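The values are calculated or read from the model by the stated rules, or taken from the named source; none is laboratory data. Bear in mind that the values here come from a model prediction, so they are computed numbers and not experimental data. Ideal geometry is used to build each Cβ from the backbone, glycine not excepted, and the neighbour counts take in all protein chains shown. Accessible surface areas use protein heavy atoms only, side chains included; no ligands, DNA or RNA. Shrake-Rupley method; radii C 1.70, N 1.55, O 1.52, S 1.80 Å.
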Amino acid sequence: QPEPQAQPAPQAVATAPQTPGPQAGGPSEEVQLAQPPSTSTPTVQPSREPSGNGTTYVTPLVRKLAAEHGIDLTSVSGTGIGGRVRKQDVLAAAEAAKAAAAQPA
Amino acid sequence: MADNAGFDVLILGGGSGGYAAAFRASELGLSVGLIEKDKVGGTCLHYGCIPTKALLHAAEVADNSRDSEQFGVKTSFEGIDMAGVNAYKDGIVARLYKGLQGLVKANKVTLIEGDGKLVAPNAVEVSGTRYEGRNVVLATGSRSRSLPGLEIDGTQVISSYEALGLDRVPASAVVLGGGVIGVEFASVWRSFGADVTIVEALPRLVPAEDEAASKVVERTFRKRGIGFKTGVRFAGVERRDGGVTVSLENGETIDAEVLLVAVGRGPVTEGLGYEEAGITIDRGFVVTDERLRTSVPGVYAVGDIVPGLQLAHRGFAHGIFVAEDIAGRGPVPVDDLGIPKVTYCDPEVASVGLTEAQAKERLGDDKVETLEYNLAGNGKSQILRTQGFAKLVREKDGPVIGVHLVGARVGELIAEAQLIYNWEALPHEVAQLIHPHPTQSEALGEAHLALAGKPLHVHG
Amino acid sequence: MADNAGFDVLILGGGSGGYAAAFRASELGLSVGLIEKDKVGGTCLHYGCIPTKALLHAAEVADNSRDSEQFGVKTSFEGIDMAGVNAYKDGIVARLYKGLQGLVKANKVTLIEGDGKLVAPNAVEVSGTRYEGRNVVLATGSRSRSLPGLEIDGTQVISSYEALGLDRVPASAVVLGGGVIGVEFASVWRSFGADVTIVEALPRLVPAEDEAASKVVERTFRKRGIGFKTGVRFAGVERRDGGVTVSLENGETIDAEVLLVAVGRGPVTEGLGYEEAGITIDRGFVVTDERLRTSVPGVYAVGDIVPGLQLAHRGFAHGIFVAEDIAGRGPVPVDDLGIPKVTYCDPEVASVGLTEAQAKERLGDDKVETLEYNLAGNGKSQILRTQGFAKLVREKDGPVIGVHLVGARVGELIAEAQLIYNWEALPHEVAQLIHPHPTQSEALGEAHLALAGKPLHVHG
Ligand SMILES: Cc1cc2nc3c(=O)[nH]c(=O)nc-3n(C[C@H](O)[C@H](O)[C@H](O)COP(=O)(O)OP(=O)(O)OC[C@H]3O[C@@H](n4cnc5c(N)ncnc54)[C@H](O)[C@@H]3O)c2cc1C
Ligand SMILES: Cc1cc2nc3c(=O)[nH]c(=O)nc-3n(C[C@H](O)[C@H](O)[C@H](O)COP(=O)(O)OP(=O)(O)OC[C@H]3O[C@@H](n4cnc5c(N)ncnc54)[C@H](O)[C@@H]3O)c2cc1C
C-alpha cells in the first residue's frame, strides 16, 4: 500500500490550531485542573517488586492446578507464548510424574 | 411430571432461590413441584431488583438531561412523568416475567399456585391438597421489616413495596435507613426532584461497605443535595394532613411528605409450619449448615431465609447448589464472601471480599496491604464525569482478598473483581494483563499494576 | 538523569507505547530520554481514543435526551452545540494531558522536545543535538492512511484528525471504511443529527470482529438510520461547492457535505533513519521478533509501528514489556490474541481471543463449540433498552478461546472476559461463580452457565 501523497503530516498536527475551548464558563471542577488529576494513596507503601516468582507468567488457575497435583512450577517448561506455563503443561507434568512413579524401582 | 404423591424436589416459594433450584433440578432429570402464592420471580423481579433498577435508570436519564449542557447537548428538562416512568418500569417487569414463565414451562416444572404450608418434613399443603417431595426446599424469602412501634400504613409511612407503586414523585421524603435499599430510593427521588433526607443510626451511609466507599457516597450525596443524618436514631413519627413529622432521638424533627422505612428485611418463616416440622429457627431465620441442610433431614433452605447476604444472585447460587446436591453432584458450597454486592445509587458502590477493616481484624494490621486508585486518573470516568475509586485489599505477599469500587456504572466492573477474588489471584497475575483503553475497567488494571509494584498512570 | 552521552533507554516517540516504556524503565532504575515532537500522550490522548470517546459520550447523552420519554422523563432535545461539545472534549484531553505531564516529571523522565531522527543504532538527533542510549526504543506510531489517488484536503475530504476538530455537525457525511474508527464517527454524527453513509469494501461492517457481531451492528445501524454499503469499493470523489460526490465502483454515487477517510492507519517510519541504521522494514512497519527486538541489536520497537493490533493498551503492554526486558526482568511476551478490543459505537462491540471462524480454521469445525446468549434475557440490558449478545467460543472439552459481546456499554465487560481467556478458564470454572444481579455482566455468567451445561435464564 503506497503512502498517500497528501497525508496530514504530523507537522500539520503540531501547527494546527489547538482550540482550547471556552473554559470560562466551565464547571468548578475545571479549576482543579491545576492539580495532577490522578492520585493514588497506597496506605502501605506497596513493595516495589512482586514477591516470589513475580516475573514468571503463571495464572491463578494454573498455580492452583499445580498445587493440586503437587507440581513445582519452576520445573515445568511452558509451551505458551514466551514460555508461558499453560494448564496443559501442568497436566502433562502431572502425567509424567505419575508415569515415573509407576515405573518399577 | 410426578403425581402428587411424590416429586423428587418440592419447593416452597418461587423467588430467585426457589426457581433457580427448580430449573437446575429439572435439568438434572429430577421431577419438580414449585409452590408460589403470588408470582414466580418473587421479590426480586416484581418488587425488588428489577423495578428499582428501572427507576434508577430513569433517574440517570433525568440527570443526564439536566446536565446535558456540560457535554454540549442542548436539552431542556421538563420534569418527570411518573405515569410514564411506571409504564416503563412495569413493561420491563412484565417482559421478564413472561420470559420466566416460559422457562418454567420449558423446564417442565410443575407450578403449584397457592399458599403453601409445611405439614410434614416431606409434605406441603396448598389449598387443601397435599403435595409430597422426597426433598423439600424452603424458599419463602423475606419482607420489609420495620422498627418496634413504627407502623407501615402504606400511604404516609411506606416500605419499598409501596414506594415502587407511587403514582407521583413525593415533594419530600425521609428515608429511614442508609443501607442499600434506602440509598437507592434516596438517589432516585433526588434525581426526580424531591427533597430527601436519610436517617441512619450507624455512623455512616452504606455501613456494610468499606469506610472509604461510604465517604465518597456521602460526599457525592452532599453535592447532589441529598440530606443525611448518620449516627442518629429515629424516635417517632407524627402523621399530619399531607405529610409526616419525623422526630429523632437527638431532638431534631424533619417534615416530609412521606417516610420510607428501609431498615432491613426479615425472613418469611412464621406460620408456615417450619417449627412444627422440627426445623430449627433462629430469630426468624432458618438455620442451616454450609450445605444448606436444615435440622430436618431432606429439608433444605435457600435465599433470604438463610442468614447472610440478602441478594438475588445468592438465591440463584443457593438454588443451583441445592439442586446439584440433591442430584448427588457434590457441588462446592456457596461462600458469602465471594459474592459480589452492588448498590445502584449514584454513585454506584460495588464490592467483593473483605473490607479493609475486616481484613485487618482477621489477619492483623501488619498483614494487610491496600491500594486506592482514584478515578480522577481514569479517562473514561473523566468522560462520564464521575468520581470514585478502585480499592484493593490484599494479604501481604498474598492474594487480593477484597475489591471495592465507587463511581458511576462500577457495578459492571465487580464481575471481574469477583473472578480475581474467587480465583485467589495475586496482584501481579492480574497486572500482567492489560485492560482495554479507555474503559473504567482500566481502574482495576491500574490498581493491580500499582499494587504489583509497577504503577502506570499513577501519581505517587 | 543521564548526560546526553548515554541514557539507559532512549525512546523516540511519546505516545502510549513510548511513555509506558519510559515510566516502567524509570521505575526499574534506568535513566530515560523520551523524544517527542508534538505532545506526550501521542495519538491516543490528543487525536484518538480520548477525544473520540468524549464525542461518543456526548452522542449517548444526546440519544438519551431524545429518547427520554420512553423512560418517563420529559425532555426536549434542542440540538447539538458543537462549541460546547468541543469544549467538553478538549477539557477532558487537557486535564489528562496535565496529569500525564506530571507523571513524566514524577518519573524523572528527561523529555526531549523536537523532531528526532535515528542517526545510529544507539543515537537519535534532535534539532542538531545528538542523544545516545544504550538501548533505543522506536515508538513513532501511526497516522491516517488514504487510498491511492484519494487526497485528504482537510476540509471536504478529511481524516479522523480533522473530523475531531470540526466546529459543526456536518449535515451529511460519507464514511469510507467500516472498521473501528469509521463506525465510531458514523455513530457520533448520526446521534448528532447527520445523514451518514458508510462505504466498506469488505462484505460487512466491523469486519475484524465475529460475523455475529457485524450482524447486530448492521441491524442496529439500520434502525438508527445509518446508511451503509458493504462489499462495494470506492471509485472516486468529486469536490463541489459545499460538498462532495462520492462514486463507487458499482456506479452508484453519494452526495455529502464531507467524506471521512477511515481506511486504516499506516506506520510512521519513513525518513526517520530506520532503514539507514539497518532496521528491517516491511511495508512500512518495523519488523520485530516476539520480544519486540528489531533486526538491530539494542533497538526495540513498540506500539503501532509493530505489525498487529493498533491499540493504545497494546502500546502500554509493549512499552512495559520492553522496559522490563531491558532491565533484565525476562518478562513474558505480549500475545495479541489476549488483548481485548473495544469498538465504541452504539451498540458497542468488544471481544478477546478468536472469532468462531478463526477458531474453526485453527482447530477444525468439530473441535469448536459456541454459545450465544441474547441480551433479551438480561434484565439490565432490557432496562437500558439495548440489544445484543454475549458469545463464547470454546475448544471442545477445553477452555474458552474467544468472547464476543455486542450491546450498549459492553466494552466494560470485556475486562472480565480477558481474564477468562488469558487464564484459560473452563466454562464450568466461571459458571461456579455467580455474577451480580441485575447487571449486564450476568450475560457472561449466563453464557458460561449454559456452556457448562447448566443454563439458568436461557430459552432453548
Ligand atoms: C427494593 C428491593 C431492591 C432489591 N434490589 C436487589 C438488587 O438489586 N440485587 C439483588 O441481588 N437483590 C436485591 N434485592 C434482594 C432480592 O430481592 C432478594 O435477595 C431475593 O428476592 C431473595 O430471593 P428469595 O428466593 O430468597 O425470596 P423472594 O424473592 O422473596 O421469594 C420468595 C417467594 O416465596 C413466595 N412465598 C412466600 N411464602 C409462601 C407460601 N407460604 N406459599 C407459597 N409461596 C410463598 C413469595 O410470594 C415469593 O414469591 C432487593 C430487594 C428489595 C426489596
Ligand atoms: C480516531 C482514533 C481513535 C482511536 N481510538 C482508540 C481506542 O479507543 N482505543 C485504543 O486502544 N486505541 C485507539 N486508537 C489507536 C491508538 O491511538 C493507537 O494505537 C496508539 O496511539 C498507538 O500508540 P503509539 O505509541 O504506538 O503511537 P502514537 O500514539 O501515534 O505516538 C507516537 C508519537 O511519536 C511522535 N513522533 C513520531 N515521529 C516522531 C519523531 N520523528 N520525533 C519525535 N516524535 C515523533 C508522535 O508525535 C506521537 O506523539 C485510536 C486511534 C485513532 C486515530
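Here are the numbers for this structure:
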item: Residue within the stretch C:106-115 that is away from ligand 2 (no atom under 16 Å from the Cβ), within 14 Å of chain B (Cβ to nearest Cβ) and outside any loop (DSSP other than H, G, I, E, B) present; result: yes
item: Residue within the stretch C:71-79 that is surrounded by fewer than 22 Cβ atoms within 10 Å (Cβ to Cβ) and touching a Phe, Trp or Tyr at 6+ places or on another chain (Cβ under 8 Å) present; result: yes
item: Residue list for the stretch C:185-198, restricted to those being in contact with a Phe, Trp or Tyr (Cβ under 7 Å, 6 or more places away or on another chain) and surrounded by 24 or more Cβ atoms within 10 Å (Cβ to Cβ); result: C:V196, C:I198
item: Residue in the stretch C:430-452 that is farthest from the other protein chains (Cβ to nearest Cβ), counting only those that are over 30 Å from the mean Cα position of the chain (by Cα) and free of Cβ contacts under 8 Å to residues at least 12 places away in the same chain; result: C:Q432
item: Residue that is nearest to ligand 2 (Cβ to nearest atom) [pool: residues in the stretch B:300-320 that are open to solvent by 40 Å² or more (accessible area, probe 1.4 Å) and out of contact with any helix residue (DSSP H, G or I) (no Cβ under 6 Å at 6 or more places or on another chain)]; result: B:L311
item: Residue within the stretch B:363-379 that is crowded, with 24+ Cβ neighbours inside 10 Å, in contact (Cβ under 8 Å) with a residue 12 or more places away in the chain, within 16 Å of ligand 2 (Cβ to nearest atom) and more than 21 Å from the chain's Cα centre (by Cα) present; result: yes
item: C:V232, sole failed condition from (1) open to solvent by 30 Å² or more (accessible area, probe 1.4 Å); (2) over 30 Å from B:S68 (Cβ atoms); result: (1)
item: Any hit, the stretch C:163-171, residues being assigned by the TED database to the domain that holds C:Y274 and open to solvent by 40 Å² or more (accessible area, probe 1.4 Å); result: no
item: Selection status of C:K391, under 21 Å from the mean Cα position of the chain (by Cα), open to solvent by 30 Å² or more (accessible area, probe 1.4 Å) and touching a residue at least 12 places away in the same chain (Cβ under 8 Å); result: no
item: Residue that is farthest from ligand 2 (Cβ to nearest atom), among those in the stretch C:282-297 that are farther than 17 Å from A:I81 by Cα and open to solvent by 30 Å² or more (accessible area, probe 1.4 Å); result: C:P297
item: Any hit, the stretch C:128-146, residues being in a loop (DSSP other than H, G, I, E, B) and in contact with a Pro (Cβ under 6 Å, 6 or more places away or on another chain); result: yes
item: Matching entry among C:A327, C:A323 (being open to solvent by 10 Å² or more (accessible area, probe 1.4 Å) and more than 16 Å from ligand 1 (Cβ to nearest atom)); result: C:A327
item: Checklist (1) within 25 Å of B:G453 (Cβ to Cβ); (2) touching a residue at least 12 places away in the same chain (Cβ under 8 Å); (3) at the interface with chain A (Cβ under 10 Å from one of its Cβ atoms) applied to C:R314, failing item; result: (3)
item: Verdict on C:V332 being touching a Phe, Trp or Tyr at 6+ places or on another chain (Cβ under 8 Å) and open to solvent by 20 Å² or more (accessible area, probe 1.4 Å); result: yes
item: Identity of the residue in the stretch C:39-63, out of contact with any strand residue (DSSP E or B) (no Cβ under 7 Å at 6 or more places or on another chain) and over 21 Å from C:G315 (Cβ atoms), that ends up most open to solvent (accessible area, probe 1.4 Å); result: C:E60
